[in-house]
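The values are calculated or read from the model by the stated rules, or taken from the named source; none is laboratory data. Keep in mind that this is a model prediction, so the values were computed, not measured. Virtual Cβ from ideal backbone geometry, glycine too; neighbours counted across all protein chains shown.
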């Protein structure tokens, strides 16, 4: 029988969201992705470090396709809204770029320098910029908004943006209330208003296609959030599949996007073909 959240010790609550502790090889997997992303940025046709706003992290890495009207993967990095960089996730674009897609990765200011509500506004500003300026940078096709972990949360929130055609939320956190009870809140300092207005599970579903993906070897809280958001959307008639990636943990699930034949690359292709 599962212990109710309110009866868990502080240690148990912290471990419920600690992906690095749950995956023994997380450091090696992160280092491999960072190295692959550096190689991808060096070799790809790209416009790098393009500002969309005044702050240091408000920058795009843009990877236009041969066709200006090709679909574009916009990928938001994770790190519980308080760590990581867009530059270290560029290799995830390789799978869909192999199918002729464009890709674009936005950076954003991290907590505690900015509150979560401010981070969400930065992603909105990034999408505004891409909608207004993408064509002159060679990116004018329909946008699939995606992200992993905290980026999955931000992608789900950004689905309603007018520039976005569909979404792919990977390993996201969709109810922020439990996060407030963990070590993660030291920098986030979540407010009641943020929990109410920035938790996708507490909002009316957007009626656009959203695939919600998780690894079957992920932490149970993350699996539960993905399943709950899909169930909520299905009940509201909102389109999009639940995509369990067999045997994937919080880090290896990204292989399913970076590979042209991976389950998440295939899901993305299906979303934009619908």
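Tabulated values for the structure
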read-out: Checking residue 274 against (1) closer than 16 Å to residue 152 by Cβ; (2) at pLDDT below 95, the condition it does not meet; value: (1)
read-out: Qualifying residues in the stretch 1-16 (those that are over 10 Å from residue 178 (Cβ atoms) and not in a helix (DSSP H, G or I)) - the one modelled with the highest pLDDT; value: 9
read-out: The stretch 98-113 - residue that is surrounded by fewer than 20 Cβ atoms within 10 Å (Cβ to Cβ) and either under 14 Å from the mean Cα position of the chain (by Cα) or free of Cβ contacts under 8 Å to residues at least 40 places away in the same chain (or both) and, of those, nearest to residue 187 (Cα to Cα); value: 113
read-out: Criterion: modelled with pLDDT of 95 or more and over 15 Å from the mean Cα position of the chain (by Cα) - qualifying residue of 119, 123, 195, 143; value: 195
read-out: Residue within the stretch 44-54 that is in contact with a helix residue (DSSP H, G or I) (Cβ under 7 Å, 6 or more places away or on another chain), surrounded by 15 or more Cβ atoms within 10 Å (Cβ to Cβ) and assigned to a loop (DSSP other than H, G, I, E, B) present; value: yes
read-out: Residue among 36, 65, 111 that alone is farther than 22 Å from residue 164 by Cβ, part of a loop (DSSP other than H, G, I, E, B) and touching a helix residue (DSSP H, G or I) at 6+ places or on another chain (Cβ under 8 Å); value: 111
